[in-house]
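The values are calculated or read from the model by the stated rules, or taken from the named source; none is laboratory data. Worth saying up front: this structure is predicted, and the values here are computed from it rather than measured. Using ideal geometry, Cβ is built from the backbone for each residue, glycine included, and neighbour counts are taken over all protein chains shown.
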């Protein structure tokens, strides 16, 4: 069962990164639209997730689009020389296979 404190990530960041590296990953349509607006490709977006640091964690929250699912979402602020991004990720079970999901990626502060 994932941890459930707003001050700590629900999901282990290294596990998310390992799932992305092994291609056990998905991206939401919403995230795809936003990364296009940020002039990023899917692969660039995944590289940004791979570059996240534990200190960039901001909060964890219940899954907004799937109430009652028991899923949570971890929010990170990716801040580099090139980007200042809101990144939302989670781990979920897809028919018995654990996968990482990139839920959202957009400019930090963008509604």
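Before moving on, here are some points about what is shown:
- Pairs, first at negative phi and at pLDDT below 95 in segment 37-53, second assigned to a loop (DSSP other than H, G, I, E, B) and surrounded by 13 or more Cβ atoms within 10 Å (Cβ to Cβ), C-beta under 8 Å, six or more apart: 38/83
- The residues of segment 52-99 that are in contact with a strand residue (DSSP E or B) (Cβ under 7 Å, 6 or more places away or on another chain), part of a loop (DSSP other than H, G, I, E, B) and within 19 Å of residue 21 (Cβ to Cβ) amount to a single one, 52.
- Residue match in segment 31-38 (condition: loosely packed, with under 12 Cβ neighbours inside 10 Å and assigned to a loop (DSSP other than H, G, I, E, B)): no
- Residue within segment 102-110 that is surrounded by fewer than 16 Cβ atoms within 10 Å (Cβ to Cβ), in contact with a strand residue (DSSP E or B) (Cβ under 6 Å, 6 or more places away or on another chain), without any contact (Cβ under 8 Å) to a residue 40 or more places away in the chain and farther than 17 Å from residue 12 by Cβ present: yes
- Screening segment 20-30 for residues that are part of a helix (DSSP H, G or I) and touching a residue at least 12 places away in the same chain (Cβ under 8 Å) and picking the one that is farthest from the chain's Cα centre (by Cα) gives 21.
- All positions within segment 39-55 that are crowded, with 16+ Cβ neighbours inside 10 Å and out of contact with any helix residue (DSSP H, G or I) (no Cβ under 7 Å at 6 or more places or on another chain): 40, 48
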